[in-house]
Every structure is written in C-alpha cells, then in structure tokens.
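Student: Structure below; questions to follow.
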Amino acid sequence: MMKNQISYTFQNNIPIIAETDVLVVGGGPGGFGAGVMAAKQGVKVVLAERYGAPGGMATFGEVTPFMPNHTEKQSMDKPVFTAWRKRMWEYFSSQEKEEHPFNSEELAPYLSKDIAILAMEDLLLEAGVKIFYHHTLFDVKKENGKITEAIFHSKSGLCAIRAKIFIDATGDGDLAALAGCEVETGNDEGLCQPMTTCFKIDHIDPAGKPSWEGINAIYKKCKEEGKIDCLRQSILGFNTLHNDSLHFNTTRVVKKNATDGVELSEAEIEGRKEVRKFIAFLRENVPGFENARLQSLAHHIGVRESRRIRGIVYQTSEDFFNRAKYDDGIARINYPIDIHNPAGGGTVMKYMERSQWYEIRYGTLVPLKSENLLMGCRAISLDHALHSSARIMPAVCSFGQAAGMAAAMCVKENVVPASLDGKKVREALKNEGAFL
C-alpha cells in the first residue's frame, strides 16, 4: 500500500566545505582501509563519517570479535588491517600485552571498541586523511553520468564535498543507491540475514561459570521449559580480554530492512528487548552470573546484510566451492559461508580448508552505471551466499584498501574505475604488502 506523501521541494545554495581527489563516505573498517591506502599513495583524501568517531560496526555495533580469515600460518588481510591490529595492541596495558603478545599472523578475536576508535583515528590522521565527523550522507549531485559532489547534513545544515573519485564505504551502499546504481537485497525472497544487538556482560565469576557448552545446555533446557523465548537455537558468545567478561552476539531480529528508516528503528527496539531477556536469563539460570552486570551495549544494531551493488563483475558461491583464483583478485577469503536464517532460527555453515581460499575480483568493487564510484564496504557485487562469507571485518578492510588503491590510481592516471586494469591494482596492492 502506498504510504501517505507530501510534496516537498528544496532549492538553495549550500557551501562546498572541501574539494579533494578522493572522497570516502563512511568510516568503518572498509572506509578506514580505503582512506589509509589512498592517502599513502600521495593523493588528497577526505573521509566523511556520520558518527563522531570511526569504526562502524566494529565500534558502534559492538561487533568486537574479529572472525578468522587466516591460512594455517598467516593473516590474509594486510597491510592496513594488520597495522590497525598492531596499533590497537599498543594501547593495551602492560599486563594485557604480556598475556596477549602481538603476532600479526595469528587470529586476534578480541578487541575493545574504544581502543579500535583511537587506533583507526591515529592511522587515518597519520596517513594525511582529512576527517569530517557528524556528516550524514544526504544526496549526490551528478553531471554527465559522473558524481560531482556528495551532499551531507551536519549540525551546520546541508553542505557538499566535491571529489574526482568517490568511495562508498557506508556498508549499506547508500552512496551507490543515491547515484542510481543497480541494487540487490537479501536472498531470493528479498530477506536479509538477521540483525543482532551485541552486548558485553562483566562481573561474572570465572571459577563458577560453566563452559560455553554448559551455558548452551542450560539455555536449551530453559527454551524447552518456556523460560526464554528467542529465535536462536544456541547462544553465540565470545571470550574477551578479561576472564570476568563475555561478549554476546546472540540476539536475532528477522524480516527487517536495515535501509528502511522505520524498520531499522523497530529493529533497535526489538534487539534491546532481547538483550533484557538474555541478561535476566543468565542471572537467574546460569551459575557464576548471579551478579552479572551489563558492561557495554551496541549503539547501533549489528547489520550483516542489506544492499549489494551490482558491479561490472558478479561473483557467486560457486567461487567459494571452487576455491576460485583470479589474476585480478584484490582480496583472499576462507571464512565459511555463514548464513543466519533470514526468516527464523538456524544457521547454514559451509567450511573451507584452512590452507585454501577464494579471491574477490576487482570488478566487484566497480558499480554498473557509474563513472567515478568504487565500493569499499560489504555491499560489493556478490550473491547472497558468497556475501555471507565475505562480509567479515578483516575482509571488508581489504576491500576498502583495494578501493583506495584503485581510486588513487584513477586520479593519477586520469581514468575511470571501469577502465582500470584490475591486474595492475593487484600488483600495486602486492607492492604495499597485501597477501596476494
């Protein structure tokens, strides 16, 4: 049914607050990777972020465990991601450093969202990126098929940033959608993976609490007895740096669209209702949680999937199963296909050998119907199943750094992204230390 509408027209002169070679819209792991890599190539870079700090889902979504994207011996996400990890480690206390020595090649599932902010901002500023916080993307202006300016809303009202090359690092493909690019959403029914409100609990008795297996046995029994009502069949949780604290990635909000403002608002409320249920369940039923305290709560519900922008290359789950390698590959991934049921309970998992990987091609970062836009976030040109494997933060940081490299090359060579040779982008990334 058509929603009620009003007719509204806005026409006014607005200030251009910056002119740059490359504009990165969004400061999550992808935008961070894009900004750092592009600036290191010597071009002028501006990054605009809607919140007051970088980090995206890593910080405001409280999605603080990094999922593994490693071979048996080394990380596949270099150099920006490992530089971020190293800078975070440098903020650890002496005791934390002693207990968790830094090794760039090992899995590092633990991070503090607050330290993540400081480390990302350090590296962006050191690379020479100009940052505009509290600037929310509002619209784009185009001429002859090219984006000329991105329009933002801030406390000052509307403003514009002019650039030669634009990078969409919004996570949801907001910039590409505003620019008229072709979009896919969710699975064959249009349903996206569930959203999750993450949270941390501390003041847990380390000696008294059960293992994760024990917690889930209690959870299963309580579900059968009707003591807790939640779509998840098991609790998804992670250890943290501290033995009296645990991270929970276990709420499940289904059939909501993260790019619909009303539905996103509803999802936030529903997610926090589930947080309340889980806290009560843990305190009342699980030994060691009697005095548990809410330590930290996501300020934005975690979004696994929303828009995916169709690019000049489109990759499917066949590349996962074939362990596909390409001469224009710009990132390597061996994280499993990991589809949380978009309509209810259950999760589909398909694993790969730790010694293997598939590659993401450069063309997945280049939207169709676009002249000067690159994707530097999870919304690249993949099908629903492959996206579930590629959406993790380490890999997204690598997509961003590839978009940043390509953007810098376009500026220097005065070409558009679609005409850039992906093999040359790969070689340039290898020269910077990428695992390719």
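Coordinate-derived values only; no laboratory data. Please read these numbers as outputs of a predicted model, since none were measured by experiment. Note that each Cβ is placed from the backbone with ideal geometry, even for glycine, and that neighbours are counted across all protein chains shown.
Student: Which numbered condition trips up residue 248, out of (1) touching a Phe, Trp or Tyr at 6+ places or on another chain (Cβ under 7 Å); (2) over 16 Å from residue 198 (Cβ atoms); (3) of a type in the set (Phe, Trp, Tyr)?
Tutor: (2)
Student: Go through the stretch 124-158 and give me each residue that's outside any strand (DSSP E or B) and farther than 25 Å from residue 80 by Cβ.
Tutor: 144, 145, 155, 156, listed by residue number.
Student: For the stretch 161-185, which positions are assigned to a strand (DSSP E or B), buried (at least 20 other Cβ atoms within 10 Å of the Cβ) and among the aliphatic types (A, V, I, L, M)?
Tutor: Result: 161, 163, 165, 167.
Student: Which residue out of 196, 136 is polar (S, T, N, Q), in contact (Cβ under 8 Å) with a residue 40 or more places away in the chain and either under 30 Å from residue 239 (Cβ atoms) or crowded, with 17+ Cβ neighbours inside 10 Å (or both)?
Tutor: Selected residue: 196, the only one of 196, 136 that is polar (S, T, N, Q), in contact (Cβ under 8 Å) with a residue 40 or more places away in the chain and either under 30 Å from residue 239 (Cβ atoms) or crowded, with 17+ Cβ neighbours inside 10 Å (or both).
Student: So which of 51, 8 ends up being more than 20 Å from the chain's Cα centre (by Cα) and closer than 30 Å to residue 159 by Cβ?
Tutor: Working: 51 fails: more than 20 Å from the chain's Cα centre (by Cα).
Among 51, 8, only 8 is more than 20 Å from the chain's Cα centre (by Cα) and closer than 30 Å to residue 159 by Cβ.
Student: Next up: Test of understanding: among 319, 327, 383, which residue is within 19 Å of residue 193 (Cα to Cα), more than 16 Å from the chain's Cα centre (by Cα) and not aliphatic (A, V, I, L, M)?
Tutor: 383
Student: Can you pull out the residues in the stretch 89-116 that are part of a helix (DSSP H, G or I), in contact with a helix residue (DSSP H, G or I) (Cβ under 9 Å, 6 or more places away or on another chain) and either among the aliphatic types (A, V, I, L, M) or touching a residue at least 40 places away in the same chain (Cβ under 8 Å) (or both)? Lay out the reasoning, then the answer.
Tutor: Just the residues of the stretch 89-116 that are part of a helix (DSSP H, G or I), to begin with: 89-90, 94-99, 113-116.
Now restrict to residues that are in contact with a helix residue (DSSP H, G or I) (Cβ under 9 Å, 6 or more places away or on another chain): 89-90, 96-97, 113, 115-116.
Across the stretch 89-116, the qualifying residues are 96, 113, 115, 116.
Student: Quick one: which of 414, 431 is surrounded by fewer than 18 Cβ atoms within 10 Å (Cβ to Cβ) and on the phi > 0 side of the Ramachandran plot?
Tutor: 414
Student: Still on this structure: Of all residues being among the β-branched types (Val, Ile, Thr) and closer than 23 Å to residue 428 by Cβ in the stretch 11-41, which is farthest from the chain's Cα centre (by Cα)? Just the residue, please. Before the answer, list the steps.
Tutor: Step one: list which residues in the stretch 11-41 are among the β-branched types (Val, Ile, Thr), which gives 14, 16-17, 20, 22, 24-25, 36.
Checking which are closer than 23 Å to residue 428 by Cβ leaves us with 20, 22, 24-25, 36.
Working: 20: 25, 22: 20, 24: 14, 25: 13, 36: 16 Å.
Ranking the candidates gives 20 first.
The rows are residues; the columns are (1) assigned to a loop (DSSP other than H, G, I, E, B); (2) in contact (Cβ under 8 Å) with a residue 24 or more places away in the chain; (3) crowded, with 16+ Cβ neighbours inside 10 Å.
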residue: 243; (1), (2), (3): yes, yes, no
residue: 251; (1), (2), (3): yes, yes, yes
residue: 256; (1), (2), (3): yes, yes, yes
residue: 259; (1), (2), (3): yes, yes, yes
residue: 264; (1), (2), (3): no, yes, yes
residue: 267; (1), (2), (3): no, yes, yes
residue: 276; (1), (2), (3): no, no, no
residue: 281; (1), (2), (3): no, yes, yes
